[in-house]
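One structure below.
The values are calculated or read from the model by the stated rules, or taken from the named source; none is laboratory data. Remember, predicted model here, so these are calculated numbers, not experimental data. Note: ideal-geometry Cβ built from the backbone for every residue, glycine included; neighbour counts use all protein chains shown.
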Amino acid sequence: MKTTSRGGCFHFRLTLELAQLYTRLVIVSSLTNKQRIFIDEYLKCWNATEAARRAGYAGDSNTLAVVGYENLRKPNIADRISKRLQETTMSADEALTRLSEMARGEWGKYVTEQGDLDIIQLVQDGKGYLVKKVKETKDGKEFEFYDAQRALVDIARAHGVFVERHDVTSGGDKIIFQIGNSIDLDKDI
């Protein structure tokens, strides 16, 4: 796409964002109050029957199960649940980015010249997830960070560097293959 001196790309992005916002508003406004509550409750308990009960639908467990199932199959409800999950769940790229920061010891940037941790700046920068544990001691607070080597191993696994193999066929017994006639490898062939 060409960039114009009048900011055509920015205008296009802004228009796209407005269209997405409008779509979200239309989906939300097309939901009944019970459906909105159903979505909220479903995302809390992951049980359609229980979410239907909490949303105020009437009936016994079988009826509520049917209502919950039907609600999950309605496109506007399914779309809203999907969008809510996208807003709240971490993508694989974000998870790998966080693991990379742990592996690199990014928390080191927040150690002052006196050897103290500037925890306020670390949290303000949105890096609080680097801290594994905070422990109150008689000398003050003690901070524990996630293990860098473990983060490296997790990253390597995500990239397929390590391949774990499991024997699922022999129950741990040694498997011996014999193909055709046995060959004496000491003799010249």
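If you go through the stretch 92-115 and keep only what is more than 23 Å from VAL153 (Cα to Cα) and in contact with a strand residue (DSSP E or B) (Cβ under 9 Å, 6 or more places away or on another chain), you end up with TYR110, VAL111.
Counting just the residues of the stretch 96-114 that are touching a residue at least 12 places away in the same chain (Cβ under 8 Å) and farther than 13 Å from ARG150 by Cα, which one comes out surrounded by the fewest Cβ atoms within 10 Å (Cβ to Cβ)? My answer is GLU106. Being surrounded by fewer than 10 Cβ atoms within 10 Å (Cβ to Cβ) and modelled with pLDDT under 90 holds for only one residue in ASP93, ASP125, and it is ASP93.
Filter the stretch 84-125 for residues that are of a type in the set (D, E, K, R), closer than 30 Å to PHE38 by Cα and out of contact with any helix residue (DSSP H, G or I) (no Cβ under 7 Å at 6 or more places or on another chain) and give the result. Listed by number, the residues that qualify are GLU87, GLU94.
Residues are listed down the side, and each one gets a yes or a no for (1) closer than 30 Å to ALA156 by Cβ; (2) touching a residue at least 60 places away in the same chain (Cβ under 8 Å); (3) hydrophobic (A, V, I, L, M, F, W, C):
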site	(1), (2), (3)
LYS34	no, no, no
PHE38	no, no, yes
LYS44	no, no, no
ARG53	no, no, no
ALA78	no, no, yes
LYS83	no, no, no
MET90	yes, no, yes
VAL131	yes, no, yes
